1. I need the calculated FRET efficiency for the pair SER76 and ASP138, taking r as the beta carbon distance and R₀ as 30 Å, to the nearest 0.05.
2. With a point put 7 Å past each Cα toward its Cβ, work out how far LEU148 is from ASN87 in nm, to one decimal.
3. If packing is taken as the average number of other Cβ atoms within 10 Å across a peptide's residues, how do 105-112, 65-72, 138-145 rank, most packed first?
Amino acid sequence: MRANVILSAVLPLVMLTGCGSVSAENSIQEQTSAVSVQDPMDADIEGKNTSSGADEASSGERYSQIDIDLTEMDSSMIYATVYDMVNNGDDYLGKTVKVTGPFSYFKDEQTGNEYFAVLVSDATACCSQGIEFVLDGDNTYPDDYPSLDKTITVVGEFNYYKEEYNTYCQLLHAEMTYDNSLSWEK
């Protein structure tokens, strides 16, 4: 009983110390450098939809090398990497990023701007960070996009921008795939 009380008091402290910036940066560098290069869009899989604005022949060829493959990381590393992207965006500019998660959409009613994102959750699924993506071509919502919360995979060139005091990550020239049979579990 006493061991359980001590463990329950110490475990949260150990978990918090694992979030230090030096160890997180080292882990991020280790995982991103160890990721194998894969076909970014798996365009040959039946049942997948691809929207990129490019013709079918070039689909998946644009991104033959993935610099940061978030799909190969565990949930803690994904969230840590995205956090690092937001806070150290210059280190990631122009790198090719691949990410999977639920599709999200937001329209700013004041400006009319539409934002499309793939959501990334932390290990406990209590916090999420969206990575905005911009498809090439003339795409319209909802016609050229999946339903909300549909699991998607997006590959694109990392960029960031600032609005007022906030920094936003985005993937430019993005390619998106999704399987019609899969949707994100809530």
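1. Result of the calculation: an efficiency of 0.20.
2. The modelled label-to-label distance comes out at 3.1 nm.
3. Listed from highest to lowest mean packing, they are 65-72, 138-145, 105-112.
Coordinate-derived values only; no laboratory data. Remember, it's a predicted structure, so these values are computed and weren't measured experimentally. FYI the Cβ positions are ideal-geometry reconstructions off the backbone, even for glycines, and counts take in every protein chain you see.
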